[in-house]
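Undergrad: Quick one: the structure is below, questions incoming.
The values are calculated or read from the model by the stated rules, or taken from the named source; none is laboratory data. All values reported here derive from a predicted model rather than from experimental measurement. Cβ placement follows ideal geometry from the backbone for every residue including glycine, while neighbour counts extend to all protein chains displayed. In case anyone asks, the SASA skips ligands and DNA or RNA and just uses the protein heavy atoms, side chains included. Shrake-Rupley method; radii C 1.70, N 1.55, O 1.52, S 1.80 Å.
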Amino acid sequence: MILKEKIRELRARFDGELAKAGTPEALEALRVAFLGKKGPVTDLMAELRNVEQSEKAEAGQLINTLKNELSEAIVKTGEALRAAALAAEIRRQKKYNPTLPARDAAGSYHPITLVQRELEEIFSSMGFTIEDYPEIVDDYHCFEALNIPKHHPARDMQDTYYIENGQLLKTHTSAAQNYIMKKYGAPLRAIFPGRCFRNEAIDACHENTFFQMEGIMIDENISISNLIYFMKTMLSEVFRRDIKVRLRPGFFPFVEPGFELDINCLICGGKGCPSCKNSGWLELCPCGMIHPNVLKAGGIDVDRYTGFAFGLGLTRLAMMKFGVKDIRDFNGGSLSALSQFVSE
Ligand code: DAH
(Lines give C-alpha, C1' and ligand atoms only; values in the text may rest on other atoms or scores of the structure.)
Protein backbone atom coordinates (compact mmCIF):
# COMPACT_ATOMS: atom_id res chain seq x y z
CA MET A 1 0.00 0.00 0.00
CA ILE A 2 1.48 3.28 -1.12
CA LEU A 3 0.06 5.12 1.94
CA LYS A 4 2.22 3.07 4.29
CA GLU A 5 5.25 4.09 2.30
CA LYS A 6 4.27 7.75 2.59
CA ILE A 7 3.74 7.47 6.34
CA ARG A 8 7.13 5.87 6.80
CA GLU A 9 8.81 8.58 4.74
CA LEU A 10 6.99 11.33 6.63
CA ARG A 11 7.92 9.86 9.97
CA ALA A 12 11.60 9.69 9.00
CA ARG A 13 11.54 13.30 7.81
CA PHE A 14 9.84 14.40 11.04
CA ASP A 15 12.37 12.58 13.22
CA GLY A 16 15.21 14.25 11.37
CA GLU A 17 13.69 17.71 11.83
CA LEU A 18 12.81 17.06 15.47
CA ALA A 19 16.40 16.23 16.29
CA LYS A 20 17.37 19.67 14.97
CA ALA A 21 14.69 21.68 16.86
CA GLY A 22 16.67 23.21 19.71
CA THR A 23 14.29 25.98 20.86
CA PRO A 24 10.59 26.21 21.77
CA GLU A 25 10.10 28.45 18.72
CA ALA A 26 11.65 25.91 16.36
CA LEU A 27 9.52 23.20 17.93
CA GLU A 28 6.35 25.21 17.41
CA ALA A 29 7.31 25.84 13.78
CA LEU A 30 7.80 22.10 13.36
CA ARG A 31 4.39 21.38 14.85
CA VAL A 32 2.72 23.80 12.48
CA ALA A 33 4.71 22.48 9.50
CA PHE A 34 3.74 18.85 10.10
CA LEU A 35 0.44 18.94 11.96
CA GLY A 36 -0.98 22.28 10.84
CA LYS A 37 -3.92 22.63 8.47
CA LYS A 38 -1.65 22.91 5.47
CA GLY A 39 0.75 20.18 6.59
CA PRO A 40 1.43 16.72 5.16
CA VAL A 41 -0.71 14.94 7.75
CA THR A 42 -3.76 16.87 6.62
CA ASP A 43 -2.85 15.98 3.03
CA LEU A 44 -2.75 12.31 3.96
CA MET A 45 -6.21 12.60 5.47
CA ALA A 46 -7.46 14.08 2.21
CA GLU A 47 -5.90 11.20 0.30
CA LEU A 48 -8.03 8.76 2.26
CA ARG A 49 -10.75 9.51 -0.24
CA ASN A 50 -8.83 7.66 -2.95
CA VAL A 51 -8.13 4.58 -0.86
CA GLU A 52 -10.07 1.39 -1.65
CA GLN A 53 -13.13 0.94 0.55
CA SER A 54 -11.77 -2.31 2.01
CA GLU A 55 -8.54 -0.62 3.16
CA LYS A 56 -10.01 2.66 4.39
CA ALA A 57 -10.42 1.67 8.06
CA GLU A 58 -6.86 0.46 8.39
CA ALA A 59 -5.46 3.44 6.51
CA GLY A 60 -7.40 5.87 8.73
CA GLN A 61 -6.05 4.19 11.80
CA LEU A 62 -2.48 4.40 10.52
CA ILE A 63 -2.80 8.13 9.91
CA ASN A 64 -4.31 8.69 13.34
CA THR A 65 -1.52 6.76 15.00
CA LEU A 66 1.02 8.85 13.11
CA LYS A 67 -0.70 12.04 14.18
CA ASN A 68 -0.73 11.01 17.84
CA GLU A 69 2.89 9.91 17.76
CA LEU A 70 4.03 13.20 16.26
CA SER A 71 2.06 15.26 18.82
CA GLU A 72 3.47 13.20 21.67
CA ALA A 73 7.03 13.54 20.41
CA ILE A 74 6.58 17.31 20.21
CA VAL A 75 5.22 17.54 23.77
CA LYS A 76 8.05 15.38 25.13
CA THR A 77 10.73 17.35 23.33
CA GLY A 78 9.15 20.58 24.62
CA GLU A 79 9.39 19.31 28.19
CA ALA A 80 13.02 18.29 27.69
CA LEU A 81 13.88 21.73 26.27
CA ARG A 82 12.25 23.48 29.24
CA ALA A 83 14.09 21.24 31.72
CA ALA A 84 17.42 21.95 30.01
CA ALA A 85 16.77 25.72 30.03
CA LEU A 86 15.96 25.59 33.74
CA ALA A 87 19.10 23.59 34.53
CA ALA A 88 21.18 26.14 32.59
CA GLU A 89 19.55 29.02 34.48
CA ILE A 90 20.25 27.39 37.84
CA ARG A 91 23.88 26.73 36.84
CA ARG A 92 24.19 30.38 35.85
CA GLN A 93 22.82 31.52 39.20
CA LYS A 94 25.36 29.45 41.08
CA LYS A 95 28.54 30.49 39.38
CA TYR A 96 28.89 34.07 40.65
CA ASN A 97 32.53 34.58 41.63
CA PRO A 98 33.78 38.18 41.81
CA THR A 99 37.36 37.05 42.47
CA LEU A 100 37.69 36.02 38.81
CA PRO A 101 39.18 38.67 36.53
CA ALA A 102 36.71 40.93 34.71
CA ARG A 103 35.42 39.49 31.49
CA ASP A 104 36.10 41.42 28.34
CA ALA A 105 32.51 42.32 27.53
CA ALA A 106 30.71 45.17 25.83
CA GLY A 107 28.21 45.56 28.67
CA SER A 108 25.23 43.88 30.20
CA TYR A 109 22.19 44.47 32.33
CA HIS A 110 22.84 45.13 36.00
CA PRO A 111 21.85 42.12 38.15
CA ILE A 112 19.19 44.19 39.90
CA THR A 113 17.67 45.11 36.53
CA LEU A 114 17.61 41.41 35.64
CA VAL A 115 15.69 40.55 38.81
CA GLN A 116 13.41 43.56 38.45
CA ARG A 117 12.48 42.63 34.88
CA GLU A 118 11.76 39.07 35.93
CA LEU A 119 9.48 40.23 38.74
CA GLU A 120 7.72 42.67 36.45
CA GLU A 121 6.95 39.83 34.11
CA ILE A 122 5.64 37.60 36.90
CA PHE A 123 3.42 40.32 38.35
CA SER A 124 2.14 41.54 34.98
CA SER A 125 1.06 37.99 34.26
CA MET A 126 -1.00 38.22 37.45
CA GLY A 127 -2.69 41.43 36.31
CA PHE A 128 -0.51 44.02 38.12
CA THR A 129 0.47 47.28 36.42
CA ILE A 130 4.04 48.57 36.76
CA GLU A 131 4.37 52.10 38.08
CA ASP A 132 7.20 54.60 38.35
CA TYR A 133 7.74 57.23 41.04
CA PRO A 134 10.37 59.92 41.74
CA GLU A 135 13.34 59.38 44.03
CA ILE A 136 12.96 62.81 45.65
CA VAL A 137 9.67 63.00 47.56
CA ASP A 138 8.03 65.05 50.28
CA ASP A 139 7.47 64.21 53.92
CA TYR A 140 3.75 63.64 53.37
CA HIS A 141 4.20 60.85 50.83
CA CYS A 142 7.15 59.19 52.54
CA PHE A 143 5.70 59.27 56.05
CA GLU A 144 2.47 61.14 56.89
CA ALA A 145 0.27 59.43 54.30
CA LEU A 146 1.60 56.11 55.56
CA ASN A 147 0.32 56.63 59.08
CA ILE A 148 3.75 57.78 60.31
CA PRO A 149 3.13 61.21 61.86
CA LYS A 150 5.92 63.61 62.80
CA HIS A 151 7.90 62.39 65.82
CA HIS A 152 6.69 58.79 65.36
CA PRO A 153 9.51 56.46 66.51
CA ALA A 154 9.22 54.47 63.22
CA ARG A 155 10.98 57.41 61.58
CA ASP A 156 14.18 56.61 63.49
CA MET A 157 14.80 53.54 61.37
CA GLN A 158 14.44 55.49 58.17
CA ASP A 159 16.90 58.34 58.53
CA THR A 160 17.69 59.71 55.11
CA TYR A 161 19.14 62.63 53.17
CA TYR A 162 17.18 65.89 53.18
CA ILE A 163 17.47 68.73 50.76
CA GLU A 164 17.15 72.35 51.77
CA ASN A 165 13.56 72.77 50.60
CA GLY A 166 12.44 70.05 53.00
CA GLN A 167 12.16 67.29 50.41
CA LEU A 168 14.00 64.03 50.97
CA LEU A 169 15.41 61.00 49.18
CA LYS A 170 12.74 58.35 49.55
CA THR A 171 13.51 55.74 52.19
CA HIS A 172 11.12 53.13 50.82
CA THR A 173 8.98 52.47 47.78
CA SER A 174 5.92 52.71 50.07
CA ALA A 175 6.25 56.46 49.41
CA ALA A 176 4.37 55.91 46.13
CA GLN A 177 1.34 54.19 47.70
CA ASN A 178 -0.72 57.31 48.28
CA TYR A 179 -0.06 58.70 44.79
CA ILE A 180 -0.99 55.42 43.10
CA MET A 181 -4.17 54.96 45.15
CA LYS A 182 -5.26 58.47 44.21
CA LYS A 183 -4.32 57.95 40.58
CA TYR A 184 -6.29 54.72 40.04
CA GLY A 185 -8.75 54.32 42.92
CA ALA A 186 -10.03 50.81 43.75
CA PRO A 187 -9.91 48.04 42.64
CA LEU A 188 -6.19 48.22 42.08
CA ARG A 189 -3.20 45.93 41.47
CA ALA A 190 0.15 47.61 41.01
CA ILE A 191 3.84 47.09 41.61
CA PHE A 192 6.35 49.90 41.81
CA PRO A 193 10.06 49.17 41.84
CA GLY A 194 12.46 51.92 42.82
CA ARG A 195 15.74 53.10 44.26
CA CYS A 196 15.68 53.91 47.98
CA PHE A 197 18.12 55.70 50.24
CA ARG A 198 18.96 55.59 53.94
CA ASN A 199 21.61 56.95 56.21
CA GLU A 200 23.16 53.56 57.01
CA ALA A 201 26.41 52.26 58.40
CA ILE A 202 27.61 50.24 55.42
CA ASP A 203 28.56 46.56 55.70
CA ALA A 204 28.07 43.30 53.75
CA CYS A 205 24.29 43.58 54.01
CA HIS A 206 23.59 47.34 54.40
CA GLU A 207 23.93 50.06 51.81
CA ASN A 208 22.90 53.71 51.68
CA THR A 209 21.37 53.05 48.25
CA PHE A 210 19.31 49.97 47.48
CA PHE A 211 16.28 48.83 45.53
CA GLN A 212 12.86 47.73 46.66
CA MET A 213 9.76 46.64 44.85
CA GLU A 214 6.48 47.56 46.44
CA GLY A 215 3.19 46.00 45.52
CA ILE A 216 -0.40 46.72 46.47
CA MET A 217 -3.62 44.95 45.72
CA ILE A 218 -6.92 46.51 46.73
CA ASP A 219 -10.33 45.04 46.05
CA GLU A 220 -13.44 43.75 47.80
CA ASN A 221 -12.78 40.83 50.18
CA ILE A 222 -8.97 40.87 49.98
CA SER A 223 -7.54 38.88 52.88
CA ILE A 224 -4.25 37.55 54.24
CA SER A 225 -4.81 34.38 52.17
CA ASN A 226 -4.57 36.45 48.99
CA LEU A 227 -1.38 38.00 50.27
CA ILE A 228 0.21 34.62 51.04
CA TYR A 229 -0.87 33.20 47.70
CA PHE A 230 0.71 36.02 45.70
CA MET A 231 3.94 35.96 47.72
CA LYS A 232 4.33 32.20 47.36
CA THR A 233 3.62 32.24 43.63
CA MET A 234 6.10 35.04 43.11
CA LEU A 235 8.92 33.44 45.13
CA SER A 236 8.54 30.02 43.56
CA GLU A 237 8.72 31.63 40.11
CA VAL A 238 11.79 33.66 40.99
CA PHE A 239 13.81 30.87 42.53
CA ARG A 240 12.43 28.08 40.32
CA ARG A 241 12.69 25.68 43.21
CA ASP A 242 11.21 25.02 46.62
CA ILE A 243 12.39 27.54 49.18
CA LYS A 244 11.51 27.66 52.83
CA VAL A 245 9.64 30.73 54.03
CA ARG A 246 8.40 31.80 57.41
CA LEU A 247 5.90 34.46 58.34
CA ARG A 248 6.21 36.22 61.66
CA PRO A 249 4.49 39.27 63.08
CA GLY A 250 6.15 42.55 62.17
CA PHE A 251 5.28 46.16 62.94
CA PHE A 252 4.91 48.80 60.26
CA PRO A 253 2.56 51.71 60.91
CA PHE A 254 1.00 51.44 57.44
CA VAL A 255 -0.21 47.84 57.75
CA GLU A 256 -2.35 46.03 60.30
CA PRO A 257 -1.68 43.19 60.81
CA GLY A 258 1.91 43.39 59.55
CA PHE A 259 4.31 40.53 58.85
CA GLU A 260 7.90 39.77 58.10
CA LEU A 261 8.26 37.17 55.41
CA ASP A 262 11.66 35.52 55.71
CA ILE A 263 13.29 33.04 53.37
CA ASN A 264 15.84 30.42 54.29
CA CYS A 265 19.29 31.87 53.46
CA LEU A 266 20.26 30.31 50.13
CA ILE A 267 23.92 31.23 50.54
CA CYS A 268 24.57 29.14 53.66
CA GLY A 269 21.51 26.90 53.43
CA GLY A 270 20.29 28.11 56.82
CA LYS A 271 23.44 27.39 58.82
CA GLY A 272 24.25 31.05 59.41
CA CYS A 273 26.70 33.33 57.56
CA PRO A 274 27.57 37.05 57.39
CA SER A 275 24.95 37.62 54.68
CA CYS A 276 22.13 36.51 56.97
CA LYS A 277 23.62 37.94 60.17
CA ASN A 278 24.26 34.34 61.22
CA SER A 279 20.57 33.64 61.69
CA GLY A 280 20.04 31.32 58.69
CA TRP A 281 17.10 33.50 57.63
CA LEU A 282 16.87 36.61 55.52
CA GLU A 283 14.14 39.16 55.90
CA LEU A 284 12.99 39.43 52.35
CA CYS A 285 9.50 40.74 52.18
CA PRO A 286 7.72 42.69 54.88
CA CYS A 287 4.04 42.82 54.13
CA GLY A 288 0.59 43.16 55.63
CA MET A 289 -2.98 44.32 55.28
CA ILE A 290 -3.09 48.02 54.40
CA HIS A 291 -4.04 50.14 57.42
CA PRO A 292 -7.44 51.85 57.05
CA ASN A 293 -5.81 55.25 57.69
CA VAL A 294 -3.58 54.69 54.66
CA LEU A 295 -6.51 53.64 52.49
CA LYS A 296 -8.48 56.69 53.64
CA ALA A 297 -5.55 59.02 52.88
CA GLY A 298 -5.50 57.49 49.39
CA GLY A 299 -9.20 58.21 48.91
CA ILE A 300 -10.28 54.55 49.09
CA ASP A 301 -13.69 53.61 50.55
CA VAL A 302 -12.71 51.54 53.61
CA ASP A 303 -16.22 50.15 54.12
CA ARG A 304 -16.04 48.48 50.76
CA TYR A 305 -12.38 47.72 50.10
CA THR A 306 -9.43 46.08 51.81
CA GLY A 307 -5.98 45.41 50.46
CA PHE A 308 -2.52 44.05 51.05
CA ALA A 309 0.88 45.61 50.51
CA PHE A 310 4.39 44.26 50.40
CA GLY A 311 7.83 45.82 50.17
CA LEU A 312 10.20 43.37 48.58
CA GLY A 313 13.92 43.95 49.07
CA LEU A 314 14.98 43.79 45.43
CA THR A 315 18.67 44.15 46.22
CA ARG A 316 18.48 41.39 48.78
CA LEU A 317 16.55 39.20 46.38
CA ALA A 318 19.28 39.67 43.75
CA MET A 319 21.88 38.66 46.37
CA MET A 320 19.96 35.48 47.11
CA LYS A 321 19.23 34.64 43.51
CA PHE A 322 22.77 35.09 42.22
CA GLY A 323 24.67 34.13 45.36
CA VAL A 324 26.18 37.63 45.86
CA LYS A 325 27.65 37.69 49.36
CA ASP A 326 28.44 41.38 49.65
CA ILE A 327 25.85 44.05 48.89
CA ARG A 328 28.66 46.49 48.01
CA ASP A 329 29.35 44.51 44.82
CA PHE A 330 26.23 46.07 43.29
CA ASN A 331 27.11 49.75 43.52
CA GLY A 332 30.87 49.49 43.85
CA GLY A 333 31.48 49.73 40.12
CA SER A 334 33.64 46.62 40.16
CA LEU A 335 33.83 45.17 36.68
CA SER A 336 34.93 41.80 37.94
CA ALA A 337 31.62 41.62 39.84
CA LEU A 338 29.31 43.10 37.21
CA SER A 339 30.76 41.45 34.11
CA GLN A 340 29.64 38.13 35.57
CA PHE A 341 26.11 38.96 34.51
CA VAL A 342 26.81 39.20 30.81
CA SER A 343 24.43 36.76 29.22
CA GLU A 344 25.99 33.80 27.45
N1 DAH B 1 8.41 50.24 53.56
C2 DAH B 1 8.93 49.26 54.51
C3 DAH B 1 10.41 49.47 54.72
O4 DAH B 1 11.10 49.82 53.82
C5 DAH B 1 8.68 47.89 54.00
C6 DAH B 1 7.23 47.47 53.98
C7 DAH B 1 6.67 46.84 55.05
C8 DAH B 1 6.44 47.71 52.87
C9 DAH B 1 5.38 46.38 55.06
C10 DAH B 1 5.12 47.28 52.85
C11 DAH B 1 4.59 46.61 53.95
O12 DAH B 1 4.30 47.48 51.82
O13 DAH B 1 3.33 46.18 53.90
O14 DAH B 1 10.89 49.21 55.77
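Undergrad: Dipole size in debye (nearest 20) for the range 2-92 around its Cα centre, Lys and Arg Cβ +1, Asp and Glu Cβ -1?
TA: Here the range 2-92 has a charge dipole of around 260 debye.
Undergrad: Treating the beta-carbon of each Lys and Arg as +1 and of each Asp and Glu as -1, no other charges, what is the dipole magnitude of the chain about its Cα centre, to the nearest 20 debye?
TA: I would put it at about 860 debye.
Undergrad: Exactly which GluC sites (Glu not before Pro) in the range 61-141 are in a DSSP loop and have at most 16 other Cβ atoms within 10 Å?
TA: Those that pass, being in a loop and sparsely packed, are E135.
Undergrad: Given a 1.4 Å probe, how much area per residue of the chain is accessible, in Å²?
TA: With all protein chains present, the chain gives 53 Å² per residue.
Undergrad: Taking 0.36 nm per residue of sequence separation and subtracting the Cα-Cα distance, how much length would be gained by fully extending the chain between E89 and A46, in nm to one decimal?
TA: Length difference between fully extended and current span is 11.0 nm.
Undergrad: Calculate the all-directions average of the projected area of the range 2-92's alpha-carbon convex hull, and give it in nm².
TA: For the range 2-92, averaging the hull's shadow over all directions gives 6.0 nm².
Undergrad: Given the options S54, G166, G270, identify the residue whose Cα lies farthest towards the positive end of the charge dipole of the chain (+1 on Cβ of Lys, Arg; -1 on Cβ of Asp, Glu).
TA: So the residue furthest toward the plus end is S54.
Undergrad: Leaving ligands, DNA and RNA out of it, report the carbon-plus-sulfur percent of the accessible area of the range 127-192 at a 1.4 Å probe.
TA: Answer for the range 127-192: carbon and sulfur cover 55 percent of the accessible area.
Undergrad: For the range 1-70, which trypsin sites (Lys or Arg not before Pro) pass both filters: DSSP loop (anything but H, G, I, E, B) and at most 12 other C-beta atoms within 10 Å?
TA: For trypsin sites (Lys or Arg not before Pro) across the range 1-70 that sit outside H, G, I, E and B with at most 12 neighbouring Cβ atoms in 10 Å, the list reads K37, K38.
Undergrad: Then there's this: Strictly greater than 15 Å: what percent of every Cα pair in the range 235-344 meets that?
TA: Result: 70 percent of Cα pairs exceed 15 Å.
Undergrad: Sticking with this one: Evaluate 2.2 N^0.38 Å with N set to the residue count of the chain, then give the Cα radius of gyration divided by it.
TA: Output field value: 1.34.
Undergrad: Place a label point 7 angstrom from the Cα of L100 along the Cα-to-Cβ direction, then list the residues of the range 313-344 whose backbone nitrogen is under 12 Å away.
TA: From the range 313-344, the list is 336-344.
Undergrad: On to the next question. Treat each spin label as a single point 7 Å out from the Cα along the C-beta direction, and report the E69 to K182 distance in nm.
TA: Using points 7 Å along Cα→Cβ, the separation is 6.8 nm.
Undergrad: No other cysteine beta carbon under 4.7 Å away is the test; run it over the chain and list who passes.
TA: C142, C196, C205, C285, C287
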